[in-house]
Amino acid sequence: MNMDPLTLLLQPPVHHPVIPYVCTIFGGLRPGKMILVQGRVSGTANRFSIDLQVGCSTRPRADVAFHFNPRFSSSETLVVCNTLTREQWLHEDHHLCPQLRKGQPFLLLFLILEDKIKVSIEGQHLLDYPNRLPLCDVDTLGICGDVSVQGISFLCRNPFSDGDTEYPLCQPLKLGNVAMATPLSKPLPNGISDGHMTTVRGLASASPDEIIILLKSGDFIPFKLTASFKDQTLLYNYLMGPLWAKPQEIQTPFFLFHAERFFEIRIFSETRGFKLAINGVPLDVFSPPALDLKSIDEIQINGSVKVYSFIC
Ligand code: GAL
C-alpha cells in the first residue's frame, strides 16, 4: 500500500485556543481537507480573521493564501477575503454575512478544493475563494482579532467520492460531552440503507488498550472493527452464525492509531458490504455472508476513546 504517512494522519482538535492563535496544519492543505471552526464573535467586535498561510513568519510577514476577515464596523457584517503575497495585499473580495453577528456563536467550515476554498456558515454556503497561491505551500492556520474559539477540527471530506465538491455531512465536535462517553450505543430502529455513511471522530485515550466499533443486527454482528494498541493491529471480523469468522487483518503501512491522537473512521454501507476509510483514506471492503442492511439495529463504540462526533 503506497501512502504518504502525512495523508494518513489527522491532527487532534484544538480546544479553546488563546487568541491570537497559530498552528501547523499537519501535512499542509490538500484538496479534500476541511477545517471546522466553532466560535463566538466578541460582543464588541470590530473584526477578526482566520488566515490560511505559508508558515508563521511575522517579519517579513508570511504569505496568506486565504485571509477570511469578517468586519463589524457597519450595520451589516462584511467578510473581506484576500491574499497576501510578498507583503502586498491583492484585490479584495467582499461578501455580506448576516449570519455572523457580534456576541453570537458560529460554525464555519472551510472545504479545500483543488482550485478554490468553499466556506459555509451554519451548514449554509457562504462563499467561494479561488486559490491564488499554490495550496501545497499552505501549512499554517492563524486566528486573530475579536473572537473566542471553542474548537478547531481538521477533517476529511467523503473519502469514497473523489470528485465531490459539495459540503459533506459535518457536525460540530461535541467537545467534552458526557453523552459521548463510551460504551456508546445508538439504536437504528429502521436499519440502514444502501449508501449509508457512519462517521466516528474521536481521540484515543492516553494509555489505550483497544477501540472497537460494532454494527449489530439482532444477535448477529456483520461488522466488527478492532484496533488493538497492544498488537498494533487493525482487524475486521463478523458473527453471522454460531461462531465468529476468522479475523481479517487490515493492512496499512503503519498502525493508524496513536495515544491522544485524533482519528476519523468512516463506514460506508452498501448492499454487498462495508467500505472502510480511516483518516480520509479508503482501506478495505468487507462482505459478510447474508448481509441485510435493513436488519442492522444498533451501532456501538467501545474502548479507550473519547468520542467527539458520531454520525450514523
Ligand atoms: C487591509 C487591512 C488588513 C487586511 C487587508 C485585506 O486594509 O489592514 O488587515 O484585512 O485589508 O485586504
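The values are calculated or read from the model by the stated rules, or taken from the named source; none is laboratory data. The structure presented is a predicted model; accordingly, all values stated were derived computationally and were not measured. Neighbour counts are summed over all protein chains in view; Cβ atoms, including those assigned to glycine, are modelled from backbone coordinates with ideal geometry. Just so you know, the surface numbers come from the protein's heavy atoms only, side chains and all, with ligands and any DNA or RNA stripped out. Shrake-Rupley method; radii C 1.70, N 1.55, O 1.52, S 1.80 Å.
State the percentage of accessible surface on the chain attributable to carbon and sulfur atoms; use a 1.4 Å probe and exclude ligands, DNA and RNA. Display every interim value, and only then the final one.
Working: 7250 of 14150 Å².
Of all accessible area on the chain, carbon and sulfur atoms account for 51 percent.
Suppose the chain between residue 251 and residue 231 were pulled fully straight at 0.36 nm per residue; how much longer would it get relative to their current alpha carbon spacing?
Working: separation 20, 0.36 × 20 = 7.20 nm, distance 1.33 nm.
Length difference between fully extended and current span is 5.9 nm.
Could you pull out every one of the lysines with an alpha carbon less than 28 Å from that of residue 294, ignoring same-chain neighbours closer than 8 positions?
The reachable lysines, counting only those whose Cα sits under 28 Å from residue 294, are 186, 216, 224, 246, 275.
Check each of the trypsin sites (Lys or Arg not before Pro) in region 189-261 and keep only those in coil by DSSP with at most 14 other C-beta atoms within 10 angstrom; list them in order.
230
Tell me, what is the 1.4 Å probe accessible area of residue 160, in Å² to the nearest 10?
The value for residue 160 is about 50 Å².
Ignoring everything but the protein chains, give the 1.4 Å probe accessible area of residue 114 in square angstrom, nearest 10.
140 Å²
Let me have the relative contact order for region 1-90, percent, based on Cα pairs under 8 Å that are six or more residues apart.
18 percent
Suppose R0 equals 51 Å; then what is the FRET efficiency for residue 44 and residue 164 from their Cβ-Cβ distance, rounded to the nearest 0.05?
The value I calculate is 0.80.
Show me, for region 211-227, the HN-Hα J-couplings you get by feeding each phi into the Karplus relation (A = 6.51, B = -1.76, C = 1.60, θ = phi - 60°), rounded to Hz, glycine and proline as x.
After applying 6.51 cos²θ - 1.76 cosθ + 1.60, I find 10, 10, 10, 10, 10, 10, 9, x, 7, 9, 10, x, 9, 9, 10, 10, 9 Hz.
Any idea of residue 139's accessible area? Nearest 10 Å², probe 1.4 Å.
60 Å²
Is the shape of region 65-166 rounded, prolate or oblate, going by the alpha carbon gyration tensor and its root eigenvalues a ≥ b ≥ c, with a/c under 1.5 for rounded and a/b larger than b/c for prolate?
oblate
Would you tally the net charge around residue 175, using a Cβ to Cβ cut-off of less than 13 Å, leaving residue 175 out, and scoring K and R as +1, D and E as -1? Kindly include the intermediate steps, with their values, before the conclusion.
Details: positive: 174, 201, 306; negative: none.
Counting the neighbours of residue 175, the net charge comes to +3.
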